[in-house]
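Take a look at the structure below.
Just so it is clear, none of the values below were taken in a lab; they were calculated from the coordinates. What you are looking at is a predicted structure, and each value in this text was computed from that prediction instead of being measured. When we count neighbours, we look across all protein chains shown, and the Cβ atoms used for this are built from the backbone with ideal geometry, even at glycine.
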Amino acid sequence: MNTNILISGAGIAGLTLAYWLQKFNFNPTLIEKRPNLKEEGFMIDFYGSGFDVAEKMHILEQLQAKHYPVSELKFVNSQGKTQSILSVENFRKMLDFRHFNFMRGDLETVLYETIKNTVPIQFNTSMVQMHTHNDKVEVEFPDSSSREYDLVIGTDGIHSQTRNILWGSESQFENFLGYYVACVITENFLEDKDAFYTYMKPKKQVTICSIRGNRLGTLFAFKSEKHDVRTHQQKLDLLSDVFDQMGWIVPKILAAMKRSPHLYFDAVSQIKLNPWYKDRVGLVGDACQCLTLLAGQGASMAMAGAYILATELFQAYGNYQVAFPAYQAQLQPEIEKRQIQAQKLASSFVPDNYFSIWITNLFIKFMFLPGFSSIFRQQIGAKSIIK
Ligand SMILES: Cc1cc2nc3c(=O)[nH]c(=O)nc-3n(C[C@H](O)[C@H](O)[C@H](O)COP(=O)(O)OP(=O)(O)OC[C@H]3O[C@@H](n4cnc5c(N)ncnc54)[C@H](O)[C@@H]3O)c2cc1C
């Protein structure tokens, strides 16, 4: 029944998939290239499909404990003066309070807790090669060992190694949208311990939020051509170049960033490939369906994908030839729609000029009025696809 399944990547999709596969009596094994799951990323809004999957996993209480009860997001100018206020309470109300704010790493921690005692997980490792056969997949590891699995599922994110090995180079599938995003965690040097601010200038924006442990999470987003930045230092240098003259408290954040070991930096890209599977190997999450880092639903849709694939495998008694296409048929039309919405959202997240910033501030003032809120709900992909 194809029970031995290797999952490559213990991120949001991989951990969710491991949970559902073991629940459906498969034998999943996880491998993860990071040494642990301690990186936190930035504050995410968690709602829609992911929320529904979390409810089915009975982890809403644990997620509630991680929730930051933020009351408002203030949009400020270069003097720190408030231009508009987004009521987080109204935002949550619009989502029927089926919404949490927490760090991406908080979600990962809660998901990990659900499987850590039942699913074998090996950190600090990665596949180096994979050979698909009629009845198995042979996987080679860096220590030259090799193991056989019935199926392999790549949940190794936007730069998926599983996809690279079997489908070829990322450039064939990457649609770079012309933005970069970076998340950094520093000490909180502000008086305001409940800070949640966004500051926009043409082609760039900075959002900061106070997080537990007297720390500050900062998200930088900027419009740019593609850069060849690889090392930590190159990323710091690029961020300093782009944001140095921005004013407000940004220079202070940049200085603190240089002392911080936590930096997540990536291009804002979408992944488009078809089909999402090849022989006994399938892909889930950003590896095949990336919406972008600015879409606000990457984690949620990754959980939805994992749940749908596990359910299809269960219903097909492990027959991947039935389950893989059924999973893709269910999810892909939604992903395509949301990829288009995410492209539009990216340009309002990082407005091009002062007029667009003015429009954004105006929209924030009216967004909870009936006509506007349904547009907004659609833009952020609030509708769940989970039955
Ligand atoms: C450290 C980190 C911080 C992030 N922070 C943010 C954020 O603040 N805001 C945001 O919107 N999105 C963030 N993202 C991306 C976001 O979490 C994903 O878009 C979303 O969760 C989709 O989930 P995924 O499981 O498909 O991919 P991811 O959550 O990216 O998970 C992929 C997993 O695969 C692992 N992996 C990668 N390559 C290999 C390999 N060769 N072998 C084994 N494992 C591998 C990665 O380490 C990771 O654990 C972050 C991702 C990571 C890894």
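Between Gly318, Gly50, Gly247, which gets the highest mean-square fluctuation from a Gaussian network model of the chain, Cα cutoff 10 Å?
Gly247
Please work out how much length the chain gains when fully extended from Glu148 to His58, using 0.36 nm per residue of separation minus the C-alpha to C-alpha distance, in nm with one decimal.
Length gained between Glu148 and His58: 29.1 nm.
Over the chain, what relative contact order in percent results from Cα pairs under 8 Å that are six or more residues apart?
Result for the chain is 23 percent.
Pull up the cross-link candidates among the aspartates and glutamates for Lys33, meaning alpha carbon to alpha carbon under 20 Å and not fewer than 8 places away within one chain.
In chain and number order, the partners are Asp106, Glu108, Glu113, Glu138, Glu140, Asp143, Glu148, Asp156, Glu170, Asp266, Asp286.
So how compact is the stretch 12-53: Cα radius of gyration and Dmax in angstrom?
Cα only, the stretch 12-53: 12.8, 34 Å (Rg, Dmax).
Using 21 Å as the Cα-Cα cut-off, could you pick out the over-long pairs in Lys272/Lys387; Lys56/Lys116; Lys226/Lys258; Lys193/Lys365? Provide the component values of the computation, followed by the final result.
Values: Lys272/Lys387 25 Å; Lys56/Lys116 18 Å; Lys226/Lys258 23 Å; Lys193/Lys365 25 Å.
Pairs exceeding the cut-off: Lys272/Lys387; Lys226/Lys258; Lys193/Lys365.
Compare the peptides 94-100, 104-110, 10-16 by average per-residue count of other Cβ atoms within 10 angstrom and give them in order, highest first.
Those peptides, ordered most packed to least, come out 10-16, 104-110, 94-100.
When the Cα centres of the stretch 41-91 and the stretch 6-25 are compared, how far apart do they sit, in Å?
Each part reduced to its Cα centre gives a spacing of 25 Å.
If you take the Cα atoms of the stretch 50-139, find Rg, then find the Kirkwood Rh from the mean of 1/r over all pairs, what is Rg/Rh?
1.20
Compute the FRET efficiency between Ser260 and Glu138 as 1/(1 + (r/R0)^6), taking r as their Cβ-Cβ distance and R0 = 45 Å, and round to the nearest 0.05.
That gives a FRET efficiency of 0.65.
Taking the stretch 324-387, how much of its Cα-Cα pair set, in percent, is spaced more than 20 angstrom apart? Mind dumping the intermediate values first?
On the way: 830 of 2016 pairs.
The answer is 41 percent, as a whole percent.
If I take R0 = 41 Å and measure r between the Cβ atoms of Asp244 and Ser169 in this structure, what FRET efficiency does the formula 1/(1 + (r/R0)^6) give, to the nearest 0.05?
So the FRET efficiency works out to roughly 0.75.
If you filter the stretch 18-85 for trypsin sites (Lys or Arg not before Pro), then keep DSSP loop positions with at most 12 other Cβ within 10 Å, what is left?
Qualifying residues, ordered by number: Lys38, Lys81.
How high is the relative contact order of the stretch 92-187, in percent, counting Cα pairs under 8 Å that sit 6 or more residues apart?
Details: 60 pairs, mean separation 12.4, N = 96.
This gives 13 percent for the stretch 92-187.
Could you compute how fast the stretch 199-327 diffuses translationally, taking Rh as the Kirkwood radius over C-alpha pairs and applying Stokes-Einstein at 4 °C with viscosity 1.567 mPa s? Give it in µm² per second.
Values: Rh = 17.6 Å.
For the chosen part, D equals 74 µm²/s.
Under a 5 Å amide H to amide H cut-off, with H placed in plane at 1.01 Å, what residues pair with His262 once short-range neighbours are removed?
Hits under the 5 Å cutoff: Ile185.
Report, in deg cm²/dmol and to the nearest 500, the calculated mean residue ellipticity at 222 nm for the chain, where each DSSP H run with n ≥ 4 adds -39500 (n - 2.57) and the sum is divided by the residue count.
-12000 deg cm²/dmol
Kindly rank 306-317, 360-371 from highest to lowest mean number of other beta carbons found within 10 Å of each residue.
Top of the packing list down: 306-317, 360-371.
What nm distance separates the two modelled labels at Glu336 and Asp192, each placed 7 Å from Cα along Cα→Cβ?
According to this spin-label approximation, the distance is 4.4 nm.
For the chain, what are Rg and Dmax over the alpha carbons, in angstrom?
20.8, 64
How large is the convex hull of the Cα atoms of the stretch 1-89 per residue, expressed in Å³ as a whole number? Can you show the working numbers first?
Details: hull volume 12.9 nm³, N = 89.
Spread over its residues, the Cα hull of the stretch 1-89 gives 145 Å³ apiece.
For the stretch 260-337 and the stretch 169-208, what is the separation of their Cα centres, given in Å?
24 Å
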